[in-house]
Structure formats: C-alpha cells, structure tokens
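Down below is the structure, laid out as structure tokens.
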Amino acid sequence: MSRRKKSSLIIFLAAVIFGTGAVLPPGGERPPSDRGPVVALARDAGRQGVPAAAGGGTTTMAHAAVTAPPGDASPPGRTVIYGYRVVRTYPHDPRAFTQGLAYAGGRLYEGTGREGGSSLRRLELHTGRVLQEHRLESRYFGEGITLWKDRIYQLTWRSRQGFIYDRETFRSRGGFRYDHEGWGITHDGKRFIVSDGSETLRFYDPAAFREQGRITVRDERGVAVAGLNELEYVRGMIWANVWPTDVVVIIDPRTGRVRGWLDLTGLLPPAARRGVDVLNGIAYDAAQDRFFVTGKYWPLLFEIRIVEK
C-alpha cells in the first residue's frame with residue numbers, strides 16, 4: 001500500500017473510531033467525478049485497475065468475541081465497531097476486477113469490471129473455478145450485481161445502462177437505464193438499492209426501474225459518508241464497501257444513519273497482496289448465515305464471521 005493511501009486509511013479509521021474529522025474517502029465532500037480533474041483522474045485510475053496496494057502490507061487489528069451482526073434491533077443512537085474472524089479461505093481468480101458479489105441457492109455469482117474485461121460469472125466456491133460466464137461488450141465497464149427472483153441485474157459504470165439476465169442460463173432478458181454512475185446494487189425484497197460512489201443511495205421500483213426515493217448516508221455526528229460502492233442487504237440493513245478503504249459501513253435504510261462499521265483491515269495477508277487492488281465484494285448466504293468478501297484482483301475469497309470489537 002502506498003504511503004498516501006495508508007495515511008488516508010488511518011485518518012479515515014481514526015475519524016470513525018474517535019469521532020474526529022469528516023468520515024469521507026480522501027478528496028472532499030462530493031463524489032469523485034465532481035471534485036475536479038486531478039481527483040477524478042485518481043479515482044478513474046483506481047476504478048480501471050491500477051493496483052492500489054501492490055506489494056504492500058497492512059496492520060492486523062485485534063478481534064473480540066463472536067456476536068451477531070446488527071439488524072433492525074440495533075439500539076437507537078448506537079454505532080458499533082465490528083471486526084472479523086476468518087472461517088475459511090477459498091481461491092479466487094486474481095484476474096477478476098471484482099465489482100459485485102452475490103450468493104443464493106448454493107451458488108456464488110460475481111460481476112467484474114474494466115472495458116474489455118467485464119463479465120457476469122458463476123463460480124465454484126471451493127475452487128474459485130469459473131463455471132459459467134457472460135462477457136459484456138468491450139465498451140461497457142461492468143459494476144455491481146444483484147439477484148432478483150429468477151433474474152440477475154448488472155450495472156455499468158458510466159454508460160448508464162443496466163442489463164438483466166436469466167439466472168440459470170445468463171441469456172439476456174432486457175435492460176434498463178438510469179441517469180447517474182452505477183456502482184453497487186442490492187435489494188430489500190421490494191426495491192432495488194443503488195449506489196453511485198457518493199453519499200447517496202437511491203431506491204428503485206423493480207418493475208420499471210423508476211426512482212422511488214433516496215437517502216443520504218451520515219454517521220452519528222451527521223457527517224456524510226461518501227464513496228459507497230458494492231452493496232448487500234442483510235437483516236434489514238444495507239452493507240456498503242467504502243471506496244477505497246478496508247471499511248464496510250452498515251446503514252439503516254429508513255434514515256441513512258450509520259449503525260455500524262466493519263473494519264476488514266489485514267484481511268488479505270501481505271504475502272498475497274502483490275498486484276492487488278482494493279477490497280470490494282460482499283455476499284451473504286442467508287440460509288447458512290455466512291458472509292463472503294473479496295477484492296479486485298484478489299487471489300483469495302474469505303468466509304468471515306462478524307465480531308464486535
């Protein structure tokens with residue numbers, strides 16, 4: 001990890017834990033595309049696959065006893081700091097620029113990015129082998145995915161075009177449009193929830209993909225949390241990777257209030273970090289209460305247990 005990125009992450013985590021400074025990714029209060037050419041170019045380099053942590057190491061933090069992840073019963077006003085315990089480690093394709101991860105019915109799905117390298121995949125969990133794949137046209141930069149009934153929905157980054165596939169065959173079942181960048185997507189059983197890299201989450205009607213509302217994500221001090229990326233909906237809460245950090249934020253979908261922070265610092269061992277990019281990809285197996293996480297170009301995928309610090 002470069003000195004600059006390491007310093008930014010330390011500042012970010014200090015703000016989260018000790019309540020000092022703005023809880024934002026490096027660069028300010030607006031989405032990266034709105035922050036001028038220098039910051040936008042830096043963001044674009046990271047999105048397009050320039051390694052962010054080549055050859056670097058990270059500091060492993062101590063983890064506490066096992067507790068259940070937060071759900072609707074989280075005490076009002078309380079923000080919980082979580083760590084993790086690795087349950088199992090699985091192989092993962094180090095060529096995959098992971099932008100979305102989803103698990104259901106005993107199957108693991110992945111969306112990958114970069115123009116000319118974007119795809120939708122079904123993976124064999126224990127080997128990391130690609131069992132099924134659909135490649136996007138080279139002009140599209142693939143982003144987040146979500147499973148909806150017998151369909152898979154996939155976003156693209158700047159094309160403002162989404163794709164719908166048959167979950168079993170990966171055959172096209174149409175598409176949809178939106179008027180912002182596409183980063184992450186999940187659903188709560190009634191509405192799609194979409195991120196665009198800012199502090200805003202939008203809610204969409206699945207039938208016509210029309211916006212039904214939006215929330216601004218803020219921490220316990222009212223500070224906006226930008227950089228919201230890949231999403232997962234777990235037990236009534238939205239879980240979001242915060243780009244470009246090793247932090248996942250847990251969000252109340254009714255208010256946008258942060259209910260918890262998951263610190264995944266040190267998850268990928270230093271020996272496996274050569275040529276990798278940032279943490280990105282959360283999948284939840286509701287049937288067996290399992291969390292899976294990985295990152296862009298990561299050679300490993302982790303099953304983890306969430307623990308309270």
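Read-outs throughout are calculated quantities, based only on the coordinates presented, and are distinct from any laboratory measurement. Quantities reported herein were computed from a predicted structural model and do not represent experimental measurements. Virtual Cβ from ideal backbone geometry, glycine too; neighbours counted across all protein chains shown.
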Could you let me know the centre-to-centre spacing of the range 180-248 and the range 91-114, using Cα atoms, in angstrom?
19 Å
Rounded Å value of the spacing that divides the Cα centres of the range 134-153 and the range 254-283
22 Å
Among 85-92, 96-103, how do they line up by average Cβ neighbours within 10 Å per residue, starting with the highest?
96-103, 85-92
Loop-located trypsin sites (Lys or Arg not before Pro) in the range 198-301, at most 16 other Cβ atoms within 10 Å (DSSP)
Arg210, Arg221, Arg235, Arg254, Arg274
With R₀ set to 25 angstrom, the calculated FRET efficiency between the beta-carbons of Arg129 and Thr169, to the nearest 0.05, is 0.85
Long-range amide H contacts for Ile282: which residues qualify at under 5 Å (H placed 1.01 Å from N, peptide plane, sequence gap of 5 or more or a different chain)?
Leu101
For the range 293-300, Karplus couplings with θ = phi - 60° (6.51, -1.76, 1.60), whole Hz, Gly/Pro x
9, 8, x, 6, 6, 6, x, 9
Using 7 Å Cα-to-Cβ label points, what is the Ser138/Arg88 separation (nm, one decimal)?
3.9 nm
